[in-house]
1. What is the residue count in the range 249-270 for residues that are assigned to a strand (DSSP E or B), open to solvent by 40 Å² or more (accessible area, probe 1.4 Å) and either touching a residue at least 12 places away in the same chain (Cβ under 8 Å) or outside the structural domain of Ala136 (by TED's automatic domain parsing) (or both)?
2. In the range 185-212, which residues are in contact with a strand residue (DSSP E or B) (Cβ under 8 Å, 6 or more places away or on another chain) and at positive phi?
3. Within 19 Å of the chain's Cα centre (by Cα), near the ligand (Cβ under 9 Å from one of its atoms) and in contact (Cβ under 8 Å) with a residue 12 or more places away in the chain: does that describe Ile134?
4. Would you please name the residue that is nearest to the ligand (Cβ to nearest atom), looking only at residues in the range 232-248 that are in a loop (DSSP other than H, G, I, E, B) and surrounded by 15 or more Cβ atoms within 10 Å (Cβ to Cβ)?
5. Could you please find all residues in the range 17-36 being open to solvent by 40 Å² or more (accessible area, probe 1.4 Å) and within 16 Å of the ligand (Cβ to nearest atom)?
6. Scanning for something loosely packed, with under 15 Cβ neighbours inside 10 Å and of a type in the set (Gly, Ala, Ser), does the range 146-159 turn up at least one residue?
7. What single numbered condition from (1) touching a strand residue (DSSP E or B) at 6+ places or on another chain (Cβ under 9 Å); (2) not in a loop (DSSP other than H, G, I, E, B) fails to hold for Arg280?
8. Please report, ordered by residue number, the strands (runs of 3 or more DSSP E) entirely within the range 40-137 with at least 1 residues that are at pLDDT 95 or above and under 30 Å from Ile263 (Cα atoms).
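The values are calculated or read from the model by the stated rules, or taken from the named source; none is laboratory data. As the structure is a computational prediction, the values presented were derived from the model and not from experiment. Cβ atoms come from the backbone with ideal geometry, glycine included; neighbour counts cover every protein chain shown. These area figures cover heavy atoms from the full protein model, side chains too; ligands, DNA and RNA do not enter into them. Shrake-Rupley method; radii C 1.70, N 1.55, O 1.52, S 1.80 Å.
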Amino acid sequence: MDLQIWLDGKLVPKKEACISVYDHGLLYGDGIFEGIRQYNGRVFEKEAHLQRLYESAQAIRLTIPYAKEQLARALDETLAANHFRDAYIRLVVTRGVGYLGISPKNCETPSVFIIADTIQMYPHEMYDKGMSIITASTIRNHPNSLSPKVKSLNYLNNILAKWEAIDAGVPEAVMLNHLGYVCECTGDNIFIVKNGQLLTPPEDAGILVGITRQAVLGLAREANIPAFERSLTRFDLYSADECFLTGTGAEVVPVTRIDNRPIGSGVGPLTRQLSEAFHRRVREG
Ligand code: PXG
């Protein structure tokens, strides 16, 4: 059966789920989104994702034409219509259909759609053996430009960094911020372990505040692993005992090589422990 897509209040078959070429989401990247996962019949951190969506909307002066509870129900309806128990959900709000010209004033009603489908971010063996990443020369958006806290439809900057990873033959690239500190990868947050401490760049490094990142920080605290948000340099990455990335798509993925330098010796023990705790948490709730 064709996938059912939730589009502006109605479930429609995938091939009928179309957006206008005059939609400013397409013309200008004027819109926001969330990537969410359902595990074992439950949407993981639904409230946190919706909260981030509404905050992103507010930051770009976009009024979502539904209450949070309505979108929460729409998520559930979309999953139920497609009989999913484990799915990847893409919730998108665009500025809507307007005229040519960037003014958002031209757009009367935002377009909202929800896709429930499956996603496989990285090959399975990378979760066992670890992945190689590079540092990109493309820096993350300046926090006083479009804030990286906004999960916007404009990923071009990150896509340019992703090209650098592709050119280097690796799946991900870590981006530095405008001050040269470690920020995050193109679609994941980054953590290191050093001397038994878990370290990740602070929010004001200019990161997207990942929901998986928050979950992992919480799991570390529950397990009495000392965890700190701290400015990190490339030296800190190169001299780390362990490194891993977190994201809704990626979950917890170990990193064992950065810019061709080995990190630790294979996948580290705290990475394994936190990855296992994460998988328990998402299934049990
Ligand atoms: N940083 C950036 C720039 C992201 O895009 C994260 C961090 C992790 O955030 P969450 O809240 O997911 O822990 C993201 C999320 C995809 C895909 O299709 C990308 C993300 C999430 C899901 C799928 O590449 N990025």
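1. Our first condition is that a residue be assigned to a strand (DSSP E or B); within the range 249-270, this holds for 251-258, 261-262.
Applying the additional criterion that residues be open to solvent by 40 Å² or more (accessible area, probe 1.4 Å) yields 257, 261-262.
If we keep only those that are either touching a residue at least 12 places away in the same chain (Cβ under 8 Å) or outside the structural domain of Ala136 (by TED's automatic domain parsing) (or both) too, we end up with 257, 261.
Matching residues across the range 249-270 total 2.
2. If the condition is that a residue be in contact with a strand residue (DSSP E or B) (Cβ under 8 Å, 6 or more places away or on another chain) and at positive phi, then Gly206 is the only one that fits.
3. Details: within 19 Å of the chain's Cα centre (by Cα): yes; near the ligand (Cβ under 9 Å from one of its atoms): no; in contact (Cβ under 8 Å) with a residue 12 or more places away in the chain: yes.
Criteria not met by Ile134.
4. Looking only at the range 232-248, we keep the residues that are in a loop (DSSP other than H, G, I, E, B), and these are 232-233, 239-241, 248.
In the following step, the residues that additionally are surrounded by 15 or more Cβ atoms within 10 Å (Cβ to Cβ) were identified as 232, 240-241, 248.
Working: Leu232: 15, Ala240: 19, Asp241: 23, Thr248: 3 Å.
Here the answer is Thr248.
5. none
6. Keep residues of the range 146-159 that are loosely packed, with under 15 Cβ neighbours inside 10 Å, which gives 156, 159.
Add one more test, that the residue is of a type in the set (Gly, Ala, Ser), and what stays is none.
Checked against the condition, which is being loosely packed, with under 15 Cβ neighbours inside 10 Å and of a type in the set (Gly, Ala, Ser), the range 146-159 yields no hits at all.
7. All conditions pass for Arg280, except number (1).
8. Values: elements: 87-94, 111-117, 131-135.
By residue number, 131-135.
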